[in-house]
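Here is the structure we will look at.
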């Protein structure tokens with residue numbers, strides 16, 4: 001009976017052009033959390049092996065079909081395959097993919113929901129035009145179509161919402177919805193953390209501020225740093241660690257599955273998130289890793305940057321420093337490493353914040369309420 005009930009739920013097509021990027025766990029988390037709707041996935045290419053078991057995955061059957069959608073917005077065979085599935089609405093992640101999904105949603109006559117994660121709002125149009133990526137170039141030229149015809153926009157933080165509205169997104173159709181985290185999976189450990197262990201998690205790109213963290217570590221001799229993630233800056237960061245003479249205190253662990261990330265969070269003394277605005281304007285929305293850390297009771301040292309202060313309560317769940325301030329970053333890390341009582345006070349406060357503001361079940365309930373309203377089910 002339960003299987004039949006699931007099959008009878010309305011379908012939601014979750015659209016992401018490169019499906020199952022390892023750094024985008026929020027996409028699969030979204031699908032796994034739905035309780036009143038049944039997810040299917042649609043996209044252009046499959047980049048990872050993830051995805052909930054048993055969930056349908058639809059892609060264009062040909063390169064021509066993929067290029068037709070990317071270059072001129074022709075729904076093509078992906079549109080036909082989705083029509084056969086009869087989804088009730090399409091939910092795209094990132095504004096670039098919202099624009100790609102728009103002609104499919106209009107062809108099928110169903111609403112389009114687009115989650116704005118931040119980069120598409122923050123990056124300068126010229127940088128997107130010159131990026132060499134078709135979807136980014138198209139978004140820079142044609143995002144007005146999405147703004148005018150999209151049914152609902154979900155910003156991952158209040159900061160992203162404010163910036164989106166300033167950039168032309170409609171205030172009445174743009175709301176904040178945090179990326180939730182599984183507070184059962186990301187939970188504190190009874191084992192004591194490793195004194196002095198600093199954790200940094202994220203794709204190794206400019207906006208993550210990893211370079212600043214290495215400079216800060218140089219003046220925090222009691223700290224050891226574990227870096228989880230990979231990206232185009234990894235080699236230069238490894239070279240910098242050697243030049244600074246701290247390579248024996250830095251471990252580059254590469255990409256790791258969520259279970260390993262959680263285990264390192266439970267071991268760590270502090271999470272460092274020194275986010276900065278990149279030279280092309282790229283910035284964070286609200287890093288999910290901060291919410292995951294809070295759920296494990298891990299205090300955070302982070303920049304005052306975009307939506308970060310929405311997930312770090314200054315001097316209660318972590319310490320906030322000015323963006324780009326290496327001395328402030330080093331001082332905040334040293335203060336947490338050197339103060340057992342401070343950390344002990346922040347850890348349970350961080351957990352309470354995660355449970356109250358970022359619990360995935362609560363956020364999915366809010367998401368499904370938005371679906372209900374668009375579909376006239378409320």
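The values are calculated or read from the model by the stated rules, or taken from the named source; none is laboratory data. What you see is a predicted model, and the numbers here were worked out from it, not measured in a lab. No Cβ is skipped: glycine too gets one built from the backbone with ideal geometry, and neighbour counts run over all protein chains shown.
Computed quantities for the displayed model
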read-out: Residue list for the range 199-214, filter: buried (at least 21 other Cβ atoms within 10 Å of the Cβ) and within 21 Å of the chain's Cα centre (by Cα); value: 199, 200, 201, 202, 204, 207, 208, 209, 210, 213
read-out: Any chance residue 157 is over 21 Å from residue 310 (Cβ atoms), touching a residue at least 12 places away in the same chain (Cβ under 8 Å) and within 21 Å of the chain's Cα centre (by Cα); value: no
read-out: Those residues of the range 284-311 which are assigned to a loop (DSSP other than H, G, I, E, B) and in contact (Cβ under 8 Å) with a residue 24 or more places away in the chain, in sequence order; value: 284, 285, 286, 287, 296, 297, 298, 299, 305, 306, 307, 311
read-out: Filtered residue count, the range 135-160, keeping only those that are surrounded by fewer than 22 Cβ atoms within 10 Å (Cβ to Cβ), touching a strand residue (DSSP E or B) at 6+ places or on another chain (Cβ under 9 Å) and in a helix (DSSP H, G or I); value: 3
read-out: Residue list for the range 193-243, restricted to those being free of Cβ contacts under 8 Å to residues at least 40 places away in the same chain, closer than 20 Å to residue 257 by Cβ and not in a helix (DSSP H, G or I); value: 204, 227, 228, 230, 231
read-out: All positions within the range 245-267 that are surrounded by 15 or more Cβ atoms within 10 Å (Cβ to Cβ) and closer than 23 Å to residue 324 by Cβ; value: 246, 249, 250, 252
read-out: Search result, residues across the range 162-176 that are crowded, with 20+ Cβ neighbours inside 10 Å and part of a loop (DSSP other than H, G, I, E, B); value: 169
read-out: Single match in 261, 201 (criterion: touching a helix residue (DSSP H, G or I) at 6+ places or on another chain (Cβ under 8 Å) and farther than 23 Å from residue 335 by Cα); value: 261
read-out: Flag if residue 49 is modelled with pLDDT under 90, within 28 Å of residue 282 (Cα to Cα), assigned by TED's automatic domain parsing to the domain that holds residue 29 and within 24 Å of the chain's Cα centre (by Cα); value: yes
read-out: Sole residue being on the phi > 0 side of the Ramachandran plot, outside any strand (DSSP E or B), exposed (fewer than 15 other Cβ atoms within 10 Å of the Cβ) and free of Cβ contacts under 8 Å to residues at least 40 places away in the same chain, chosen from 132, 84; value: 132
read-out: Every residue from the range 34-58 that is touching a residue at least 24 places away in the same chain (Cβ under 8 Å), over 18 Å from residue 112 (Cβ atoms) and part of a loop (DSSP other than H, G, I, E, B); value: 35, 36, 47, 48, 49, 50, 51, 52, 55, 56
read-out: Number of the exception - residue 177 against (1) free of Cβ contacts under 8 Å to residues at least 60 places away in the same chain; (2) touching a strand residue (DSSP E or B) at 6+ places or on another chain (Cβ under 6 Å); value: (1)
read-out: Helices (runs of 4 or more DSSP H) (entirely within the range 317-378) containing at least 3 residues that are in the same structural domain as residue 172 (by TED's automatic domain parsing) and either exposed (fewer than 15 other Cβ atoms within 10 Å of the Cβ) or touching a residue at least 24 places away in the same chain (Cβ under 8 Å) (or both); value: 360-374
